[in-house]
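Encoded as structure tokens, the structure appears first; notes follow it.
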Amino acid sequence: MAKIIAGELNGELDVVLVRKLRAPGNPEFAIGSVDESGWTYLADYAPQVGADKEYIRNEVSTQLETIRQRRSQYTPVRQPIDPAARIVIVVDDGLATGSTMLAALHGLRAKQPAELVCAVPVAPSDTLEKVRSNADRIVCLSTPFNFRAVAQFYLDFPQVTDEEVIAILASSGHDC
């Protein structure tokens, strides 16, 4: 979706690398997130699901290593596009807990964009409220009452592979 939006707006496409911090015993449930700089967001419920300080330290380390690997794969010959003084639209397939969007917005806000927009097709209203103070604008097509997971609002919800990301970034017209 980000490539389509960038194309329609004659904008540039880049990737913001953040990772979900996975709950102990439930890797699909986010207890927080980490951005490329190492900044960490931790949900207030993390201790209740068994995430102690050592677990969190190890999980952050694991996810930062994945971020480093992906940066070297995705954009091996260039730095990320500088968002300073630009309108930046952060696109995701939907928000559940909002953890990764919070990390993405935090990391980008530090680089002083002119405007920071969160764009998603679906999210629960309480998650949007949590994210709202971190974005200048939010575009969300649907905030269903019965939200359980992002995937429930898609007919087909496959994981995007590293190869697909690399191909999309390469076709965006920037030296990756």
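The values are calculated or read from the model by the stated rules, or taken from the named source; none is laboratory data. Given the structure is predicted, the values throughout are model-derived calculations rather than measurements. Virtual Cβ from ideal backbone geometry, glycine too; neighbours counted across all protein chains shown.
Among the residues of the range 46-68, is there at least one that is of a type in the set (Gly, Ala, Ser), part of a loop (DSSP other than H, G, I, E, B) and surrounded by fewer than 17 Cβ atoms within 10 Å (Cβ to Cβ)?
Of the range 46-68, the ones of a type in the set (Gly, Ala, Ser) are 46, 50-51, 61.
Okay, now just the ones that are also part of a loop (DSSP other than H, G, I, E, B), so 50-51.
If we keep only those that are surrounded by fewer than 17 Cβ atoms within 10 Å (Cβ to Cβ) too, we end up with 50.
Taking every residue of the range 46-68 in turn, at least one turns out to be of a type in the set (Gly, Ala, Ser), part of a loop (DSSP other than H, G, I, E, B) and surrounded by fewer than 17 Cβ atoms within 10 Å (Cβ to Cβ).
Table: residues versus (1) over 19 Å from Val34 (Cβ atoms); (2) in contact with a Lys or Arg (Cβ under 6 Å, 6 or more places away or on another chain); (3) of a type outside the set (Phe, Trp, Tyr).
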| position | (1), (2), (3) |
| --- | --- |
| Ala103 | no, no, yes |
| Gln112 | yes, no, yes |
| Val117 | yes, yes, yes |
| Val120 | yes, no, yes |
| Thr143 | yes, no, yes |
| Phe153 | yes, no, no |
| Pro158 | yes, no, yes |
| Ala167 | yes, no, yes |
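Of the residues that sit in the range 31-59 and are touching a residue at least 60 places away in the same chain (Cβ under 8 Å) and hydrophobic (A, V, I, L, M, F, W, C), which one is nearest to Thr100 (Cα to Cα)?
Val34
Kindly list the number of the only condition in (1) crowded, with 20+ Cβ neighbours inside 10 Å; (2) farther than 15 Å from Val15 by Cα; (3) not basic (Lys, Arg) that fails for Ala104.
(2)
Mind listing just one residue for me: the one in the range 126-170 that is among the polar types (S, T, N, Q), out of contact with any strand residue (DSSP E or B) (no Cβ under 8 Å at 6 or more places or on another chain) and surrounded by 12 or more Cβ atoms within 10 Å (Cβ to Cβ) and, of those, nearest to Arg71 (Cα to Cα)? So that I can check it myself, show each step before the final result.
Looking only at the range 126-170, we keep the residues that are among the polar types (S, T, N, Q), and these are 127, 133-134, 142-143, 146, 152, 159, 161.
After this cut, where a residue has to be out of contact with any strand residue (DSSP E or B) (no Cβ under 8 Å at 6 or more places or on another chain) as well, the list is 127, 133, 146, 152, 159, 161.
The next check asks that each one be surrounded by 12 or more Cβ atoms within 10 Å (Cβ to Cβ); those that pass are 127, 152.
Working: Thr127: 28, Gln152: 30 Å.
Ranking the qualifying residues of the range 126-170, first place goes to Thr127.
Kindly indicate the residue of the range 133-176 that is in a loop (DSSP other than H, G, I, E, B) and touching a helix residue (DSSP H, G or I) at 6+ places or on another chain (Cβ under 6 Å) and also nearest to Ala114 (Cα to Cα) among those meeting that condition. If you could, list the steps in order and put the result at the bottom.
First, pick out the residues of the range 133-176 that are in a loop (DSSP other than H, G, I, E, B): 133-136, 143-149, 154-161, 171-176.
Now narrow it down to the ones that are touching a helix residue (DSSP H, G or I) at 6+ places or on another chain (Cβ under 6 Å): 134-135, 143, 157, 176.
Values: Asn134: 13, Ala135: 11, Thr143: 27, Phe157: 33, Cys176: 25 Å.
Among those residues, the one meeting the criterion is Ala135.
Considering each of Lys130, Lys111 in turn, give the residue that is of a type in the set (D, E, K, R), part of a loop (DSSP other than H, G, I, E, B) and touching a residue at least 12 places away in the same chain (Cβ under 8 Å).
Values: Lys130 fails: part of a loop (DSSP other than H, G, I, E, B).
From the options Lys130, Lys111, the qualifying one is Lys111.
Tell me which residues, restricted to the range 6-28, are part of a strand (DSSP E or B), touching a residue at least 40 places away in the same chain (Cβ under 8 Å) and hydrophobic (A, V, I, L, M, F, W, C).
If the condition is that a residue be part of a strand (DSSP E or B), touching a residue at least 40 places away in the same chain (Cβ under 8 Å) and hydrophobic (A, V, I, L, M, F, W, C), then Val18, Leu21 are the ones that fit.
Looking at Ala46, Ala84 in this structure, which one is among the aliphatic types (A, V, I, L, M), farther than 25 Å from Leu169 by Cβ and at pLDDT 95 or above? Walk me through how you get there before you give the answer.
On the way: Ala84 fails: farther than 25 Å from Leu169 by Cβ.
When all the criteria are applied, what remains is Ala46.
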